[in-house]
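Only one structure is covered here, and it is reproduced in the block below.
The values are calculated or read from the model by the stated rules, or taken from the named source; none is laboratory data. What you see is a predicted model, and the numbers here were worked out from it, not measured in a lab. FYI the Cβ positions are ideal-geometry reconstructions off the backbone, even for glycines, and counts take in every protein chain you see.
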Amino acid sequence: MRGGVVVVILAAMVVVAFGLPPRNLTDPEVNPGCEECEEPWLIVTTGEGTNDTLHHLWGAKEALSFLVVTGTGGPNISVDWDALHNGTNRSITFQSQPSSVFGFVIPSLILYNDPKDDGAFKGQNESLRVPVSDFTWSAEVLPNSSHHVAVKLQTTHFQDTPLPNETRILMQVSAYGEDGRSSVLPHLLYTPNSAQLDLVLDHLMLNLTEEANSWKKTRWGMDVVVFSSENKVEGEDGDQGLKFHTQKSLDDEHTPGVFNLDQLTNAGAWAEGEGGGYLQWRPVSYLSSDRDIAKATVPNLNTSLPALVNLTEPLRKSLAYAVMGDNLTLSGVAVTSVISFGQYKDGFYAAEKYTTWTVAIGEGVPPKETFSTLVVVVISLGVVLPAAMFLVGCVVLAVRRWRHHGSSASILITPE
């Protein structure tokens with residue numbers, strides 16, 4: 001029995017040992033080289049690996065943008081700030097041509113009335129898009145290390161009017177230089193090639209139009225554009241380079257009550273080839289700061305994923321266009337979707353006035369959920385212990401029968 005447990009623990013240690021090689025992360029720079037930028041237009045942190053360099057680019061000006069850029073060049077990037085402000089093609093360049101670019105953009109939030117209590121946004125007539133550019137943002141670099149850096153983004157104004165203290169959009173964006181699991185529910189896995197975005201809509205009760213202010217059953221959603229520089233798999237027909245799928249699990253050890261893991265991956269990731277990229281999240285949205293499953297709803301993704309056709313003004317001024325340029329509209333490069341927060345009888349947004357969405361973005365193949373060492377040991381004990389008890393019982397019975405047989409034979413051959 002002890003030998004079985006030792007084998008399980010050693011196997012778990014081998015799995016850890018063969019994780020991705022670590023990266024050393026640079027301190028995040030907010031608007032590097034721009035003296036006139038008051039808002040966090042561009043935040044950069046770089047992970048230096050053994051064979052390549054990984055750039056994390058984040059921004060909260062005009063449109064929320066989150067990119068992972070992989071290349072073999074050094075850590076330096078060049079920004080033409082005038083071109084970036086004007087929405088000029090490829091205003092951000094790198095020391096060498098990136099081998100892979102993956103990311104997503106949130107150009108606007110969606111407030112929608114849901115009188116049928118469907119939960120998801122389905123193109124309801126009573127809806128209003130709120131551009132991200134209507135908000136003013138601040139950035140705070142949090143204490144960091146060579147294997148973990150984080151930046152907190154937060155709204156301060158809406159349409160140039162200060163927001164009440166409790167009204168805000170809060171995001172903590174983290175990059176990692178080693179394998180592990182987030183300490184915050186839903187405890188997503190992370191790798192040296194990934195970052196994590198934790199979004200909170202806290203008391204987001206805005207004074208919008210008179211019609212929108214009259215809606216009684218409102219929910220929040222947001223437009224999302226997901227893009228990748230790699231749009232095909234060799235030998236595949238068509239240009240469907242981004243796919244959604246759900247990974248099921250029998251274990252909810254790390255995220256109580258949630259047994260699925262949703263993923264949006266590009267061609268390289270779902271084919272487990274080189275140059276892949278992914279978004280990965282648990283289908284749970286907490287409705288309170290303590291993140292109790294008793295108060296939770298779900299993020300609903302529109303999985304039809306129509307291709308991006310037109311570049312709107314927010315997209316032209318986003319980091320996606322600054323890096324990708326007009327390639328964003330090439331076939332299979334970018335798709336559009338809507339993520340909305342809600343499910344039947346969750347009380348709508350007004351019930352708790354708090355909604356979260358936590359998503360990981362990374363380069364390569366997304367990490368796969370497996371049983372932890374503790375769970376494996378417990379399962380192994382559940383199998384080994386009964387088997388050992390059964391074996392010991394069989395041995396005891398065999399010994400007793402042998403002794404009984406031996407004593408009976410002795411009695412038969414004893415002389416009178």
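Worth pointing out:
- In segment 22-52, residue farthest from the chain's Cα centre (by Cα) [restricted to those that are charged (D, E, K, R) and modelled with pLDDT of 95 or more]: 39
- Of the candidates 262, 292, the single residue that is farther than 28 Å from residue 39 by Cα, among the charged types (D, E, K, R), buried (at least 17 other Cβ atoms within 10 Å of the Cβ) and without any contact (Cβ under 8 Å) to a residue 60 or more places away in the chain is 262.
- Selection within segment 96-130: residues that are among the hydroxyl-bearing types (Ser, Thr, Tyr) and modelled with pLDDT of 95 or more. The member of this set that is nearest to the chain's Cα centre (by Cα) is 108.
- Residue among 71, 87 that alone is assigned by TED's automatic domain parsing to the domain that holds residue 25, touching a residue at least 24 places away in the same chain (Cβ under 8 Å) and either on the phi > 0 side of the Ramachandran plot or touching a Cys at 6+ places or on another chain (Cβ under 7 Å) (or both): 87
- Contact map, segment 178-200: residues that are more than 24 Å from residue 341 (Cα to Cα) paired with residues that are surrounded by fewer than 21 Cβ atoms within 10 Å (Cβ to Cβ) and among the β-branched types (Val, Ile, Thr), Cβ distance under 8 Å, separation 6+ or inter-chain. Pairs shown: 179/16.
- Among (1) within 27 Å of residue 56 (Cβ to Cβ); (2) out of contact with any strand residue (DSSP E or B) (no Cβ under 9 Å at 6 or more places or on another chain) - the single one residue 185 does not satisfy: (2)
- Checked against the criteria, residue 294 does not count as touching a Phe, Trp or Tyr at 6+ places or on another chain (Cβ under 7 Å), among the small types (Gly, Ala, Ser) and more than 24 Å from residue 222 (Cα to Cα).
- Qualifying residue in segment 267-280 (condition: closer than 17 Å to residue 201 by Cα and either assigned by TED's automatic domain parsing to the domain that holds residue 68 or of a type in the set (S, T, N, Q) (or both)): no
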